[in-house]
Amino acid sequence: MNRVVSIVFIISSVILFSCKQKEVPPTPPVPVDLYTVKTQHVLYYDEYPATTEALSQVDLHAEVQGYITGIFFTEGTQVKKGQKLYEIDRRLYQQSYDAAQANLRVTQSAQVQAQQDADRYEYLNENNAVAKQTLDHAVIALQTAKDQVKAAEEAVKTAATNLTYSVINAPFDGTIGFSQVKLGNLVTVGQTVLNTISTVDPMAVDFLINEKQLSRFEDIQQGKKIVDSLFTILLPNNSLYPYTGKISVIDRAVDPQTGTIRIRLVFPNSDNYLRAGMSCVLRVHNQDAAPQLVIPGKAVVEQMGEYFVFVAKDTVLASKDTTKANTDTAAATPKLRAFEQKIQLGQTIGPNVIVKGGINAGDQIIVDGIQTLHDGSPVAVSKKHPAQNSNGSDSTKQNNPQDSNAKKSQ
């Protein structure tokens, strides 16, 4: 009997101890590196995607119909205003012009004869030697002859214009592209595009800005803000174009659907580096002289299009150790905890970013070890050296090694 009681006691004890809930050990602090936010003067560029455009560009169309009988240029080269480019079969138009000239001479002769008859009958009428009706007919014939001369003169002008249109000349100095027709091709009036000519110097660069930035660029256009090397461009190979630009045109209206407005700059292009239709990056020199908040870019966390940093703050937490006898006098100890803070980002400058709002100078943000953090996580400064504030030119300047070669546009 005693043996049965002992077994029951042992089993009950095992069940009792197994049902006792184990205490969850506290989460150990995450080792992190901290960065103290400070304001500093920075040099950077606002960048905009841009496209080069020719200030003048025209498609060459045929004004008369016929077959191409001559091409007098090299594709992709510079042409001068008035230079002969194409010739359309001139024979028919030359014949039409010659026929119109001949018809003009005939009508002019008829006018001379009609004038002589009218003068003669006018003299006879003054002496009552001819019927009044004959004089009237002579005057009408003279007027008809004059009208025929005018019609013949207009026909000569039309024939001369068509003959002129059979030769296509360059309308201005520029670069001519690939020919769209070859020798022997038939061209149709107003339909066939022969080629395209565009100006190259200066070259326009178009880009879009948000309507909120419009006043800034209007001040620049009016000369209220003057900064050296204000507008520069990066070419598709990421090299810096060696000339600076200036504002030429600000579009008349804002696009109500996108809230943007187009601005056109002009850049010198005497070396023909820029070609119409190129994609480039326009850099606008920062004009904000006030110090900026600059933090390492690796400290920023993106969540659904919004940006956050973890700010480390001291908190005081009471100990919950109830196993000690002095529970009424539990120690209150300071702890570092990470709190998620939404920020507004500005320009990226190398490995750093400018912060426009959300944190203040003096805040301590976490730059390493943020992968495992959440709002309220306990943290501890790691034993390795914490991140230092970046005061050197590498973090506060967005330099290009070719900037020193940039020349001011004349």
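Read-outs throughout are calculated quantities, based only on the coordinates presented, and are distinct from any laboratory measurement. Small disclaimer: the values here were computed from a predicted structure and weren't measured. We place every Cβ from the backbone using ideal geometry, glycine too, and count neighbours over all the protein chains shown.
Values for this structure:
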read-out: Förster-model FRET efficiency, 35 Å R0, I250 and T372, C-beta, rounded to 0.05; value: 0.10
read-out: Distant alpha-carbon pairs in the range 162-220 (separation over 18 angstrom), percent; value: 59 percent
read-out: Under 5 Å, built H, 5+ apart or other chain: amide partners of I88; value: T69, V167, I168
read-out: ³J(HN,Hα), Karplus 6.51/-1.76/1.60, whole Hz, each residue of the range 231-248, x for Gly, Pro; value: 10, 9, 10, 9, 6, x, 8, 6, 8, 7, 5, x, 10, 9, x, 9, 5, 9
read-out: Semi-axes of the equivalent ellipsoid for the range 54-102, Cα gyration tensor, largest first, Å; value: 28, 12, 10
read-out: Under Karplus coefficients 6.51, -1.76 and 1.60, residue-wise ³J(HN,Hα) of the range 99-104 in Hz, glycine/proline x; value: 5, 5, 5, 5, 5, 5
read-out: Ranked packing of 34-45, 233-244, most packed first, by mean Cβ within 10 Å; value: 34-45, 233-244
read-out: 5 angstrom amide H check on L345, placed H, neighbours 5+ away; value: K356
read-out: Long-range amide H partners of A380 with built H, under 5 Å; value: V30, V32
read-out: Flagged links, alpha-carbon separation over 25 Å, of K212/K342; K80/K150; K84/K157; K38/K298; value: K80/K150
read-out: Cα shape, the range 97-231, gyration tensor, a/c 1.5 rule; value: prolate
read-out: Reciprocal of mean inverse Cα separation for the range 203-318 (Kirkwood radius, Å); value: 17.5 Å
